[in-house]
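What follows is calculated from the coordinates using simple rules that are stated; it is not laboratory data. Just so it is clear, the structure is predicted and the values come from calculations on it, not from any experiment. Cβ placement follows ideal geometry from the backbone for every residue including glycine, while neighbour counts extend to all protein chains displayed.
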Protein chains: 2
Amino acid sequence: MSVQRDNATKPTLGQALLAPRSIALVGASDDVSKTSARPLQYLRRAGYEGTVYPINPRRTTVLGEAAWPSLSELPSVPDHAFILTPTEEAVEAAAECARLGVPVATILASGFSEGGAEGAKLVARLQALCAETGLRILGPSSLGAINLRRKTIITANAAFAEPDLPTGGIFVASHSGSLLGALISRGKARNVGFAGLVSVGNEINLSLGEICSATLDDPDITSYMLFLESIRHAQDIRAFAIEAAARGKPVVAYKLGRSAAAAELALSHTGALAGEDDIAAAFLADCGIARVFNFETLIETLPLLQRLPPRPTAARTKRVGVVTTTGGGAAMVVDEMSMRGIEVNKASDETFARLTKAGVAAHHERIIDLTLAGTRYDTMKAALDTMLSAPEFDLVVAVIGSSARFQPELAVKPVIDSASSAKPLVTFLVPDAPKALRMLTGAGVPNFRTPESCADAVSAALLRRMPTAQSKLRHNIAARATKQLDEIAAYGLLKKLGIEHAPAVAVDVHADTISLPFSYPVAVKLLSEKIAHKTEVGGVVLNVENEAQLKSAIQRIVGNVKASHPDLSVSQVLVQPMTSGLGELLLGYRVDPEAGPIVLLAAGGIFTEIYRDRSVRLAPVDLDTARDMISELSISRIFTGFRNKPLGDMDALARAIVSISQLAVDENVAVVDAEVNPLMINRVGEGVVAVDALVTLA
Amino acid sequence: MSVQRDNATKPTLGQALLAPRSIALVGASDDVSKTSARPLQYLRRAGYEGTVYPINPRRTTVLGEAAWPSLSELPSVPDHAFILTPTEEAVEAAAECARLGVPVATILASGFSEGGAEGAKLVARLQALCAETGLRILGPSSLGAINLRRKTIITANAAFAEPDLPTGGIFVASHSGSLLGALISRGKARNVGFAGLVSVGNEINLSLGEICSATLDDPDITSYMLFLESIRHAQDIRAFAIEAAARGKPVVAYKLGRSAAAAELALSHTGALAGEDDIAAAFLADCGIARVFNFETLIETLPLLQRLPPRPTAARTKRVGVVTTTGGGAAMVVDEMSMRGIEVNKASDETFARLTKAGVAAHHERIIDLTLAGTRYDTMKAALDTMLSAPEFDLVVAVIGSSARFQPELAVKPVIDSASSAKPLVTFLVPDAPKALRMLTGAGVPNFRTPESCADAVSAALLRRMPTAQSKLRHNIAARATKQLDEIAAYGLLKKLGIEHAPAVAVDVHADTISLPFSYPVAVKLLSEKIAHKTEVGGVVLNVENEAQLKSAIQRIVGNVKASHPDLSVSQVLVQPMTSGLGELLLGYRVDPEAGPIVLLAAGGIFTEIYRDRSVRLAPVDLDTARDMISELSISRIFTGFRNKPLGDMDALARAIVSISQLAVDENVAVVDAEVNPLMINRVGEGVVAVDALVTLA
């Protein structure tokens, strides 16, 4: 990185973190077998040009260099202190940094966020230090910060002992420090180079988002790679993502925790609560961060993101054309793409006619298979150019067979020559073909080594959108004391948003005569702001046929509630006509502690849980996004012509999704959680109706 | 391969196919730019020691060798003819092979199975030739057969132009010819060697299973790798798989067609109908063939299968222990394994105590994370040996971080030294570490380059079972003329199998008075062996309360049927009490045209289709397998304690699955299709009851 600086001034955060003029190594060891002896060796081996101060109270020299007894005895205040001492001593060193005005201290030791009650106390102490003095801490449990261009190798990670590390435009931020080594060695094997890499550790002070933001104006950094265990400090990530998008710098992320077991690991490693993965997915998508699911895709996707900027929200198509010399090889990519919802389309009749005219002999099928006979420069070039100029494709994949290994001039060269087209062209080489891969990487053509990685990257790229502007996020209200509305009040709130509810009247439990504004049969429900789950306390009676039954139902409810909640007095019940529609869904809004306000549409009843059939977005959403959510839900098929069933009012449903999502920007009311369950779906033109609702305010 | 042979005798199929004494190249070209010039070059380059007869009626020499004008003018009958001429001429050449008594002809041309009606005629002609003369045909559309040990490179695949192809114990059979090149080059990059490779083409005569079977007794072949577009000639595959298992030679398969789009490609390429993927999965599992889902796993899995033989059906556990030097790297594998249903388990208290005693410092969590500090030979060796001897694990995964790249003596060497344990040990190296990978491969230790491949292989290996003995499969009856049973007769058949049905009486549609052996309300259904879908013709009336309603319901049904089927006279209806249970499932049996008899358990109603919530096995099944099927179904949760609902009678359900699956071995009745839908699930002890049934006989 080429951070500009004026030697006379205090360094910026980015400078102190990644381009310090001087580095103190607190606890530097003279014993080369020790981890704490590594940073000095790596800095020297790399040729760092700034000043290094090894600090060791027990020695006058460390690895042949003069050592200093303590931070306070240094001749000048270092820009960055890398603290290599164990947990308790590391806190003391950080306190000394704070006293002296060291701008950034990186802490290697663990035992903080993952250290139970004792660790939590130490974290609080460090955070207090930062708040009081302005010290910024990277970590704890950070393996360091590396700037390859400036040879600032502030790390204990053995991977950085390697000479000739590949320099390039990628900046990496990782929750896992050890992964940095894997990324850099795998990058080297692919000719993929890095500008800088940071192991963010516990993020008790400097967050991953802040660290990335501090590098945004570095012209040498062209893209970002994130390895995430969970979403932490989401607002900082969003702020960074918005600015990265504004600068045309793509961000790709791999996130752990799709399974419950891995989510638990993230928890035990960092002390952070791992959220639900689909909420994290919605958050990343909303930030315009391309999420990949295969580890190798993380390393291979950025060239494609650089070719295909975030797509406008209006462009919802994911239409891919495939040209190949090997039907079997292409079928693997098609299989993987199709399973990710990418449409692999047949060329149109017009396009096929143009292919034929260009001399491309192939069958008019879902893929253009040139076969062995078409493994020639002219054939492949003509096929690619025709497909790339066809309006029915958003992206073209070239799958090259055995010739790629020793004769890249036949089918790989045309890929390189056609790749400057307006539409992105990516390639998967089926054989092991290192020379051709190097040619493609050198030419900036997105290339993949496995069908899974190719499909993963294409899917991530076609799904990427511009990040949504940061709204007044209400992350914190989830933790605040909450107040629940009773069902009538909840309906009132929904009504204001524009969501209809079933007719409902409150009836006094002691009423002598009850006249209803609608006819029997009716449903009778406990009306209380104290009890959220009415059914569980015997607070619901359905199919009540007449006034006598109604009175007896009311008494039954009163009795049931008294039995379970002796100190709660029930004064009113809610009465509604029995309603039925084509089916029921669950529509919800809530403020996630990390991701912020989300809107959720799910299959109703037990199916939400059993099939995890739900769609999540960050709120607010527009009508198109609401329609996407509907189409993502498997159960939606029953409302859209499944087995000749009548059509449901999907327009009204989409409007209801948009309406409830507006709670995210409503300045009059701070809703933590709003759930309409069930939302009754009626026939086309007859709307959707809330039949029960639960709302919790901050 | 070292196929033994006696020069005086007719070659066996295996010899003629893969170790011929002489090869005729029909249509060999003198123009090195032509595909048909390749086989002669490859045979010569490889140093094939047998006789090669180039056949070209227009030239006296081909590539400097004497050419023959036709097959019939050769001095002796070749063991193998590779026919390189176009479609029509290829048929003539095959006919000549048949006349002359050539044992095996391989046809390169396409235009047969994928050639529409014209192609089908040519296929029929070739098949007649084979039936009449005993000629065996490989292909058409075959890229050839390769025997690397004997340097018998009978192929036009450019990948075999390469010198120093890696020789080893793997035999490959592939539906895709072009894929052979990818497998061999990717194998070479991994030090994985091959004995032989065959492109099976359209399989119009020699099937993939037969080809593999012909190589079974070759001691140089130790394992099999299959690349499948679909399941074709399933009986041959099963026969091969059984014999391979008996010889301890593992079989691994990658199969295309998980998505609808790829299934369509398989169809258009080969003319074969691609079946449902989950049926293919059940078939492969029943054959003891390990199925992998990532392409690279196909190349990386065999060493693990050689370490872990097919597990006995009684061993249903899939418990994995993980030891690592990098928490982030291990978490990727854990995530992928957990999503595949592999249990990544915490060490027991006893095991953890043993680890501590052995000097392994780690937290007692789901994985044993030695961290950077534990990256030492002794620590890793002690951790691995302790975990491998712990009874709670079926397999141990070692995930090694950055040290693997340049210091394999630290954490990779102990993996090699511990890998001879009784329990399998596999490893994933997180960085790019070619030297360590070579060490591991050389030592026969299963090793993986991506977390996805590692998890894929572990899952495939732990799921692998001994193949089921070949039963009297009824593959053909699916195509035979069929007869449908009416509902009463269907119930009778189920009853004999031991499956209860709801009370049911047949009632004459003209009866004056109707007395039922059960009380109202009842359901009334059309009783006919002609109409399968009663509801669609208005043949079902539910909730009939009394005799008058019953008579009117009968008349309504009679009228409805007359309206839709004027020539069908309805004489009887079926009357049943209205029943309700805890829920409904679909239980089915059918004879799949390729896989044979299958049993199927699925969510009832629309959920089968919407959530594709079903479990398939080849029939017959035992009680344990039936229980596995129940647990695979998501909807089963509602019967096993979901949200305090009463428990369903899962024992009775398992017995019903076993019972219906017995149709596969019933010698008295040839059932093509039997579907109980719904099967009502009652409370524990109250059984399961068929409430409708449809049975079709051959």
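Points worth noting:
- The residue among B:Pro140, A:Thr640, A:Phe352 whose Cα reaches farthest toward the positive pole of the charge dipole of the protein assembly as shown, with charges on the beta-carbon of Lys, Arg, Asp and Glu, is B:Pro140.
- The range B:133-161 versus the range A:196-241: alpha-carbon centroid distance in Å: 55
- Whole-Å semi-axes of the range A:385-465's equivalent ellipsoid (Cα gyration tensor): 20, 15, 10
- Arranged from fewest to most other beta-carbon atoms within 10 Å of their beta carbon, B:His510, B:His175, B:His565 become B:His510, B:His565, B:His175.
- Simple rule: put +1 on each Lys or Arg Cβ and -1 on each Asp or Glu Cβ in the range B:176-332, find the dipole, and look at B:Ala314, B:Ala331, B:Tyr254; the Cα lying farthest toward the positive end is B:Ala331.
- The slack in the chain from B:Thr9 to B:Ala260, taken as 0.36 nm per residue of separation less the alpha-carbon distance, amounts to 85.5 nm.
- Whole-Hz ³J(HN,Hα) from phi, Karplus 6.51 cos²θ - 1.76 cosθ + 1.60, for the range A:62-78, glycine and proline x: 10, 6, x, 10, 4, 10, 10, x, 7, 4, 6, 9, 5, x, 8, 6, x
- For A:Gly583, nonlocal amide neighbours, meaning residues 5 or more places apart or on other chains whose placed amide H falls under 5 Å from its own, are A:Ile681.
- Of A:Lys318/B:Lys255; A:Lys188/A:Lys435; A:Lys34/B:Lys435; A:Lys381/A:Lys423; B:Lys188/B:Lys318; A:Lys534/B:Lys645, pairs whose Cα-Cα distance is over 21 Å: A:Lys318/B:Lys255; A:Lys34/B:Lys435; B:Lys188/B:Lys318
- Phi angles across the range B:356-372 convert, under the Karplus curve 6.51 cos²θ - 1.76 cosθ + 1.60 with θ = phi - 60°, into 3J(HN,Hα) values of 4, 4, 7, x, 8, 8, 7, 7, 8, 10, 4, 10, 8, 9, 6, 6, 3 Hz, Gly and Pro given as x.
- 0 to 90° range, to nearest 10: angle between helix A:487-497 axis and chain A longest Cα axis: 60
- For the range A:3-147, fraction of C-alpha pairs farther apart than 20 Å, in %: 44
- Note on the range A:534-632: with charges restricted to the Cβ of Lys and Arg (+1) and Asp and Glu (-1), its dipole about the Cα centre is near 380 debye.
- Unit charges on C-beta of K, R, D, E only; dipole of the protein assembly as shown, Debye: 2520
- Total charge dipole magnitude, chain B, about the Cα centre, Cβ charges on Lys, Arg, Asp, Glu only, Debye to nearest 20: 1460
- Annotation for the range B:636-694 versus the range A:389-443: alpha-carbon center distance of 53 Å.
- Of the beta bridges in the protein assembly as shown, as assigned by DSSP with both residues counted there, near 50 percent are antiparallel.
- Taking the fewest neighbouring Cβ atoms within 10 Å as the starting point, the ordered list for A:Arg643, B:Arg438, A:Arg376 is A:Arg643, B:Arg438, A:Arg376.
- Between the Cα long axis of helix B:377-388 and the first principal axis of chain B there is an angle of about 40°, rounded to the nearest 10.
- Solvent-free Debye calculation, one equal scatterer per alpha-carbon of the range B:505-633: log10 I(q)/I(0) at 0.09, 0.10, 0.14 Å⁻¹ equals -0.39, -0.47, -0.80.
- Overall form of chain A per C-alpha gyration tensor (a/c, 1.5; a/b vs b/c): oblate
- Taking a ≥ b ≥ c as the square roots of the eigenvalues of the alpha carbon gyration tensor, the range B:11-84 is oblate, as a/c is not under 1.5 and a/b does not beat b/c.
- Listed residue (A:Thr12, A:Pro39, A:Tyr53) projecting farthest to the positive dipole end of the range A:1-127, Cβ model: A:Thr12
- Sequence-ordered 3J(HN,Hα) estimates for the range A:593-605 from the Karplus curve with 6.51, -1.76 and 1.60 and θ = phi - 60° stand at x, 9, 6, x, x, 10, 10, 9, 10, 8, 4, x, x Hz, glycine and proline given as x.
- Where the Cα pairs of the protein assembly as shown fall when distances are cut into 10 Å bins, in %: 1, 8, 14, 18, 19, 17, 12, 7, 3, 1, 0, 0
- Ranked for footprinting exposure by Cβ neighbours inside 10 Å, fewest first, A:Lys530, B:Lys151 give A:Lys530, B:Lys151.
- Seen from B:Glu675, the other residues with C-beta closer than 9 Å to its C-beta sum to a net charge of -1, counting Lys and Arg as +1 and Asp and Glu as -1.
- Ranked by the mean number of other Cβ atoms within 10 Å of their residues, highest first, the peptides A:103-109, A:624-630, B:87-93 fall in the order A:103-109, A:624-630, B:87-93.
- Degrees between helix A:650-661 axis and first principal axis of chain A (Cα, 0 to 90, nearest 10): 70
- Taking a ≥ b ≥ c as the square roots of the eigenvalues of the alpha-carbon gyration tensor, the range A:314-399 is classed oblate because a/c is 1.5 or more while a/b is no larger than b/c.
- Efficiency of FRET from Cβ geometry, B:Ala124 and A:Thr640, R₀ 41 Å, rounded to 0.05: 0.35
- Under 5 Å between amide hydrogens, built in the peptide plane, is the criterion, and for A:Val320 it picks out A:Glu343, A:Val344, A:Asn345, A:Asp394 among residues at least 5 positions away or on other chains.
- Relative contact order of chain B, defined on C-alpha pairs under 8 angstrom at six or more residues apart (%): 9
- Between the amide H of A:Arg291 and those of A:Ala253, distances stay under 5 Å, these residues lying 5 or more places away or on another chain, with hydrogens modeled in the peptide plane.
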